[in-house]
1. What's the exposure ranking of GLU174, GLU32, going from fewest to most Cβ atoms within 10 Å?
2. Compute the Kirkwood hydrodynamic radius of the chain, taking the inverse of the mean of 1/r over all pairs of distinct Cα atoms, and give it in Å to one decimal.
3. What is the order of ARG171, ARG202, fewest Cβ neighbours within 10 Å to most?
4. Using just the alpha carbons, could you tell me how many Å³ per residue the convex hull of the stretch 1-92 encloses?
Amino acid sequence: MVRRIASVILPWILGSVVGFLVLIHFFVDIPELGPVLNGLVEWATIIAAFAVLVGLINLVCHHGKRVLDREPGWGYSLALLGAMIAVLALGFRPGSYGPGDPLVQWVFRYILEPLATAFFSLLAFSLATGIVRALRLRNLQTILVTVAAVVVLLGQVPITSGWAFLRPIARIQEWVLRVPAAAGMRVILIGAAIGAITTGMRVLLGMEKPYSE
């Protein structure tokens, strides 16, 4: 019982009290507690930074072990470690001033951004494959999604603005993105916000792990 109080109940009470005070401070100005609560928020930022550092160390240990043991796919681990060390060396070299350094920006602009663009370009092929598979279901929802996807894809092609008989597709594509797609994105954002609020309240009330263990 004493162990449970020390490992579960006390951390829950401390976390709940601090969490509710910080949450209330965002909506109601409390001059007496303002400096203390702002300091707690800064401490949370510092702890998050150390958590990133711990994650970085864990990443190096995990992939370093894969390289040393020559596990399947160890070449990818070696590439990851090499890229990470190179970027860190550029950022921490003498005379560098962090992420805004020209060499670091060059790596992001001419290496990472083109790679990210190349990966995103593969989404078109994945979408086409998904459309072909979805057509096998042959129901109303599949037809609507397929037609909307085809219209949006065709509307992004420059040829639709060059040929007169294809210009309506561009206007339809604009309407699809502005009305149904925007409404769907708002629904997703609202749902994500409600889910985040629910999870946060469960943590503050001790209904979520690790307090519920």
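1. Details: GLU174 12, GLU32 7.
Going from sparsest to densest Cβ surroundings: GLU32, GLU174.
2. Values: mean 1/r = 0.0423 Å⁻¹.
It works out to 23.7 Å.
3. Values: ARG171 11, ARG202 14.
So the ranking, lowest neighbour count to highest, is ARG171, ARG202.
4. On the way: hull volume 16.5 nm³, N = 92.
Spread over its residues, the Cα hull of the stretch 1-92 gives 180 Å³ apiece.
Since every read-out is calculated from the coordinates, none of them should be taken as a lab result. These numbers come from a predicted model, not from an experiment. Heads up, the Cβs are rebuilt from the backbone with ideal geometry, glycines too, and the neighbour counts pull from every protein chain shown.
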